[in-house]
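So the structure is just underneath, and the comments pick up after that.
The values are calculated or read from the model by the stated rules, or taken from the named source; none is laboratory data. Owing to the predicted nature of the structure, the values given are computational and were not obtained by experimental measurement. Here the Cβ is made from the backbone with ideal geometry for all residues, glycine too, and neighbour counts use every protein chain on show.
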Amino acid sequence: MTTPLTPEVLVPRLGEYLVQSGTITEQTLQKALAYQKEQETSGRKVYLGEALIELGAIDRRQLDHAITKQIIELRNALEDANRFLERRVQERTAELQEAMQKLSELSQLKTNFLANISHELRTPLTHIKGYLELLVTGALGDLNEEQRNALLVSQRSANQLESLIDSLILFSQAARGEMTLHLKSVNLVKVASDVISYSRVKAANRSITLEYEIPSDLPLVQADEEKISWVILQLLDNAIKFTPSGGKVVLSIQPESDNLIMVSVRDTGIGIPADKLDAIFEPFYQVNGSATRRYGGTGLGLALVREIINAHGSILDVISEEGKGSAFRFPLLASQGVI
Ligand code: ADP
């Protein structure tokens, strides 16, 4: 059974208050408390105010007056507490807003820095690449075998550096919401054949079988050719990188329905732990830092791949099993024509 909400229940320190305000003495209070107990043992519940009235220590009017005063004090105290809390909430909100503002400024600063530094790196690299090309082709004089080999190694490294810088530029554009697509009808059969001829060497170097499943009468798709080539190349690079020798990587491009073409890259590689399947799309994330150092890379690839696919209005998804392999796939919208 619940106790009815009387003013005396709401005002539990009535006795103390009556003593402090001089309405009753401490002695009278003790007497009333003893009386209350006595009544309770004989099965009668008496509130303190009633006990005091029954003992003739105060009258009903004095009791009502005391209770009302206490309720007002209580309400004032509650209002003060509420005002204090509201002020704290406002202060906290302002602090949080300031922190968010700082964070967003810092993030903007980082992206601007990334964009600027990438462009600055590109200019000297263009000169390095240009002179390497002149040297390798013998345009600046004859070379012996050793010199030529050294220059070929330098050229490969310069190309790697260039693709890293390109990724950084693309990434900073995406982070600033500045990625622009040049959409047109794209022949994926041709894109795939170019990308595969590029990846074939890497796969062969690691004794990995590279296969493709692409019908020759594939419809054209609406896409940014350069960016989609980069995406497929990136997925193939990862598949080759994370597959041990003797494994297999397959690029499949198939009509999925009347107007969708599904692009997928699957491998028989090391796979990705289920609890990391979301994180791999975060910029700079690598499943296992030390292992990935062995594999190389920046952790930017998949973040960018996803940005590009999303910019096409599509979704990139991944299925993977540790130790068995992974499959990354995304659909593209078919254009009207057929090759
Ligand atoms: P990077 O390859 O430069 O490290 P990515 O963003 O392309 O960066 O990939 C992020 C991480 O996701 C990789 O470091 C790797 O741990 C994991 N990953 C990506 N593709 C595969 C794959 N095909 N098989 C296994 N792990 C992969």
Checklist outcome for this item: Per the list (1) near the ligand (Cβ under 9 Å from one of its atoms); (2) assigned to a loop (DSSP other than H, G, I, E, B); (3) on the phi < 0 side of the Ramachandran plot; (4) modelled with pLDDT of 95 or more, residue check on THR298 breaks on (4)
Item to check | Some residue of segment 236-243 being more than 25 Å from the chain's Cα centre (by Cα), crowded, with 20+ Cβ neighbours inside 10 Å and small (Gly, Ala, Ser) | outcome: no
Checklist entry - without any contact (Cβ under 8 Å) to a residue 60 or more places away in the chain, assigned to a helix (DSSP H, G or I), closer than 25 Å to ALA34 by Cβ and among the basic types (Lys, Arg): does that describe ARG75? => result no
Next on the checklist: Suppose we keep only residues that are away from the ligand (no atom under 12 Å from the Cβ) and at pLDDT 95 or above within segment 256-273. Which one would you say is nearest to SER167 (Cα to Cα)?
Outcome noted: VAL263
Item to check | Residue in segment 213-226 that is crowded, with 19+ Cβ neighbours inside 10 Å and within 15 Å of the ligand (Cβ to nearest atom) present | outcome: no
Next on the checklist: Criterion first (in contact with a Pro (Cβ under 8 Å, 6 or more places away or on another chain) and either in a helix (DSSP H, G or I) or over 30 Å from ARG13 (Cα atoms) (or both)) does ILE117 satisfy it?
Outcome noted: no
